[in-house]
1. What percentage of all Cα-Cα pairs in segment 62-153 are separated by more than 15 Å?
2. Would you compute, from DSSP H runs of 4+ residues alone, the mean residue ellipticity of the chain at 222 nm, taking -39500 (n - 2.57) per run and dividing by the full residue count, rounded to the nearest 500?
3. What order do you get for 262-272, 51-61, 71-81 when each peptide is scored by the mean count of other beta carbon atoms within 10 Å, highest first?
4. How would you classify segment 27-83 from its alpha-carbon gyration tensor, with a ≥ b ≥ c the square roots of the eigenvalues: rounded for a/c under 1.5, else prolate if a/b is greater than b/c, otherwise oblate?
5. What angle do you read, to the nearest 10 degrees and between 0 and 90, between the alpha-carbon axis of helix 252-261 and the longest principal axis of the chain?
6. What ranking do Ser140, Ser98, Ser65 get, fewest neighbouring Cβ atoms within 10 angstrom at the top?
7. Under unit Cβ charges (Lys, Arg +1; Asp, Glu -1), what dipole magnitude, rounded to 20 debye, does segment 30-93 have relative to its Cα centre?
8. For the chain, take the alpha-carbon Rg, divide it by the Kirkwood Rh, and send me Rg/Rh.
Amino acid sequence: MKLSRRSFLHTGLCGAGALWLASSRLSQAAVQFKMSACDWSLGVSCDPAGLDLALSLGLDGLEISAADGAADQLKIADPSYRQQYKEAMERTGLSVSSVAMGLLNDYPFATDDRAGAWLEQTIDGTADLGAKVILLAFFSKGDLLQSKGWLSKGGDLKAREVDAVVERVKAAVPRAEKAGVILGLENTLSAAQNLAILDRIQSDAVKVYYDVGNSTYSGYDIAREIRELDDRICQIHFKDGGFVLGEGKVDMKAVADAMTAIDYQGWIVLETAVQKKDRDASFRQNAAFVRGMF
């Protein structure tokens, strides 16, 4: 069919408009995230007043700790403790973005006999607070790699510990699924190793809690890993060692591109370092950088 010049231009403009609209929609989809910070990074671990601080810093929420030490009953299991957070959320209009089981670094999930009960308590407490993600930490004593450092790439898996983690997580899956809570595994493993674990567990209630700083400093290709993990990432920590975001080793542009490629729609959680002993200025600077990324 022969087109007139006017028809050709009209068709071309319509095509360009469609491309622009598709690009615009993709861009809009890519920036649908909320931003919080870890309570321990802010120095307000297990303190409901941390939500007031998060509000003053322009954040949307706070990642809180399930406990500040080991006990048969964690703080998150105490209704009066959770009520203080509920009141703080009502007061500030902010949310608890997630609950972190950081105590597992010292009392490993794979080997501590209390781990199963702790996870059940945290699932119930997290659901009661309206949060959707629990961070299960596997660093330090809880590391699943046979390595000497805090962060290290390429070590062999601790097979026995991995088997124990799989079985204990699988036991908690029905409770997590019923509560509508996702168990996020944060560790020193590669994307492929994490995917192998998720395939053994076989539940959408278990995903990877990805940390761009940990993975960069462990030597992994974070842009490739984010794409490889795709929708099996439940939440993401942003940090870069002792640096301000954008000034250290983490390729934040590659992170933004990869998150856009997988259409990430979850929380971005700052676990960033304090610069010049000025916590508030440091977090405001990092928050502004993140918003500018997208």
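A short reminder: the numbers here are calculations on the coordinates, not readings from a lab. Model, not experiment: these values are computed from the prediction. Quick reminder, even Gly has a Cβ in these numbers, built from the backbone with ideal geometry, and neighbours come from all protein chains shown.
1. Values: 2478 of 4186 pairs.
Tail of P(r) above 15 Å: 59 percent of Cα pairs.
2. On the way: 11 runs with 136 residues, N = 294.
Here the helix-only value at 222 nm equals -14500 deg cm²/dmol.
3. Descending mean neighbour count gives 262-272, 51-61, 71-81.
4. Prolate.
5. That works out to roughly 80 degrees.
6. With the fewest neighbours first, Ser140, Ser98, Ser65 line up as Ser140, Ser65, Ser98.
7. 160 debye
8. Reported Rg/Rh (Cα atoms, Kirkwood Rh): 1.04.
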